[in-house]
Structure formats: structure tokens, C-alpha cells
1. Could you list, in their original order, any pairs among Lys167/Lys266; Lys2/Lys303; Lys222/Lys378; Lys2/Lys26; Lys85/Lys222; Lys169/Lys303 whose Cα atoms are separated by more than 26 Å?
2. Rounded, prolate or oblate for region 59-189? Axes are the square roots of the Cα gyration tensor eigenvalues, ordered a ≥ b ≥ c, and the cut-off for rounded is a/c under 1.5.
3. Given the Cα-Cα distance of Asp206 and Glu355 and 0.36 nm per residue of separation, how much length would full extension add, in nm?
4. How many Å³ per residue does the convex hull of the Cα positions in region 242-288 occupy?
5. Among Tyr305, Tyr114, Tyr289, whose mean-square fluctuation peaks in a Gaussian network model of the chain (Cα, cutoff 10 Å)?
6. Could you tell me what percent of the accessible area of the chain is made up of carbon and sulfur, with a 1.4 Å probe and every protein chain present?
7. With a cut-off of 8 Å between alpha carbons and a minimum separation of six or more residues, what is the relative contact order of region 195-269 in percent?
8. Find the relative contact order for the chain and round it to a whole percent, using C-alpha pairs within less than 8 Å whose residues are 6+ positions apart.
Amino acid sequence: MKAEHKLQFLIEDKHLDPDLKKIAEKVLSEDRISFDEGVLLFEKGELGYLGTLANYIREKRHGDFTYFNRNFHIEPTNVCVYDCKFCSYSRLIKQRSEGWEMDVDGMMDIVREYDGEPVTEVHITGGVVPKQNLDFYASFFRRSKAHRPDLHIKALTPVEYYYIFKKAKMSHYEGMKYMKEAGLDSMPGGGAEIFHPEIREQIAADKCNAEQWLDIHEQAHKLGMRSNATMLYGHIEEFYHRIDHMERLRQLQDKTGGFQAFIPLKFRNKDNQMSHVPEVSVIEDLRNYAVSRIYMDNFDHIKAYWAMISRNTAQLSLAFGVDDIDGTLDDTTKIYSMAGSEEQNPAMSTQQLVELIRNVGRHPIERDTLYGVVTDYKDVEFEGTVKPKYYPLPVLENNNTAS
């Protein structure tokens, strides 16, 4: 049954809660749902209902297209001046001996490792330390662009930029303009966590607040750069905190149109100061993706990081509003594995990603960072692929003898 028929069938269900029916009718007519309706989806929406709505929106926008890219990460340091309670990755300055701090030459060595490889993006994020300042990153951006002009630099979150610009005594706009001129192409979506101060002050009190995070993205959008946005869910927040977070992003997107993808990030409780908080179930993961797709009506893409939620859950998410599962990674990030994700050595070949998508009936598209199509893998066959062989079963002749 097509997604639209499933939605129509759902709306016609006489047993459907009237409030949920109203939301389903809004989805069908492409009307925006309200804050209270967003909370209601979390409170009353069962998995099948949410999946029907989210998949309808996903297929109306993207059909079966499912995006990924060929990328690698550089994490310049895991030492950090901030003390986020949920973080398993960073080491405080006083724990410096347990961490790493790269110089620009070391970062360029990683870029050179991919010379001749068909990667399209380098994703850069990590901790915050004083010596990795404005000139440090600007120098790297310039050298990277000089070495490989076609490599898209998606680098640093408002957490890093807020600290860097404050030390440099630059406004957010001046700082982002300086970084763009040095070679920055776009921004990832990290550091958003949960915007509401009731939660942010408990889990990440000492880094940039919601208004500062949003303003840095706004200035980047004014300069023509695109960016992503994340939300850390599944810890001490309530459902209305999640919707408050999405609402602030939705309002900024109405204003600038500069966001490309919304990326829900699952809280993982390994080796951090919130290890006593249990992780939410896969069902809650899927519900959260679905509500995100329904609520974030002005975001083109909902992305799931396969390295954080596992390959199997990433496949499931493609029926709950997700149309992007990130990139090949090539085992270049430790952020997810150190937090206890199922993928302790996150790397997938292009063939593995394509087959993961195909195996749930979706259409794999390799994209660049700005969602330009690099390769349509719908009918591509890989060299060395072993096709299943079928052998005729032996036929036992009837010799009419009694057994």
C-alpha cells in the first residue's frame, strides 16, 4: 500500500483519537502542526501511527531516495575547557594526559591520506582548547583548500566558534565571515544539545547558550553558508523540551532557510557523568525520528547517524521519516564509540552503505555536502559482487516400487 493510501486509511479509522486524527489531516493537507500538537504526538502517538505520518512526508518529499556521502572526520582534540555532563569523549584540561591535541601539520597529514580517494567532505569537530584559536583553524582551512580545493570543509560548531570569536574579540558575523574567507564551506549541527535552560543548565551549563548557538548559525546563513542542526534526546528532558528545541530551530529556518538537515542524536550513557541515566529504547528512537519529520516541516532532510544508532536501527529509521544516514566515516571518529555506540569502529564502504539502503527497498544516492547528486546507485552493480546461485533440486523418479 502506498504511503498516501496508508495515511488515508489511518484517517478513516473510527477508533483513532480525535486529536491524532486532526494532526493526520493536517499532515495530509500540508498544514503546520502547533507546539501543543507536537507534544501530543510524543504523549499519544503510537509507533505505527507516527511512522505512517512520517513516512508519508518522507516519500512525498524524497520518494525512496536515501542519501549518504563519502566523508572522513578530523577531531583536532578531545581536550576541552567545558564540562558537559553527557560527554564521554572530551577530557578536561586537568586530564590532558588522557587526550590528544593535534597541530595543523597533523591535520594536513590526515587530509593527504585521502589524496586520490573519491571523498567529498571533511567533517571537523572536537574539544575546545585555547591554542586551537582563530588563526589555528583559519590556517588549516587555507592550507586544506590550497592542497585540495574540491574538498568541502564542514567544520566546527557554535560551541567552538563562540569561544574562538570571544577570545579574538570578534562579533559572530565578523568571525564567520573571516572563517568563510579562509575556506570554511559549511557548519555541522553539533553542540545544540537541548536548548531549554531548565535542561541545558544541568547538562552543559558552561558553554554557549541557545541564543548564542542560534545566532552563530544565523550569521553563517546570512553569509550564504548552509548548516545542520542536532538535538540530544533521551536523557533527563521531557517531551515539551524536545518540542521547544525543534520550535526554536523551526523559527530560525523560517527566517533564514539556511538549515539543510535535522539530526536527532541519541544520548549514550557509557563513561560519562550521566551514566546513571538509562538509555531510551529503539522504539523511542523511531518515535523521535518520526515526530522530528512531522514537526520540522521546513527542513528538507532528517538524518540518522548510523554509527551512533547501529546499522539495523538506521535501516528501520528509513520507514520513520529519515532520508539520510550520513557517510562512510572510514573509522575517523571516536565521538560515538567512546559514548558506547554499537559501532566501536565506525566505517562502511560505499558498497556496504548502498546495500544497507537497498536491503530495505530504498534508492541509494551518494550526495555531496549540499545534496548535489554525485552518483545514483539504483542500478549500479559492484565489481566482485557474488550473486546468489540457484541450483535445481534433484528429481526423484517414481519407479513404482513399494517402499
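1. Lys167/Lys266; Lys222/Lys378; Lys85/Lys222; Lys169/Lys303
2. rounded
3. Separation in residues times 0.36 nm, less the Cα-Cα distance, equals 49.4 nm.
4. For region 242-288, the hull spanned by Cα atoms encloses 109 Å³ per residue.
5. Tyr114
6. 50 percent
7. So the answer I get is 41 percent.
8. About 20 percent, as a whole number.
The values are calculated or read from the model by the stated rules, or taken from the named source; none is laboratory data. Because the structure is predicted, anything quoted here is derived from the model rather than measured. As a convention, Cβ positions derive from the backbone with ideal geometry for all residues, glycine included, and neighbour counts pool all protein chains shown. Protein only, heavy atoms only, side chains kept; ligands, DNA and RNA dropped before computing areas. Shrake-Rupley method; radii C 1.70, N 1.55, O 1.52, S 1.80 Å.
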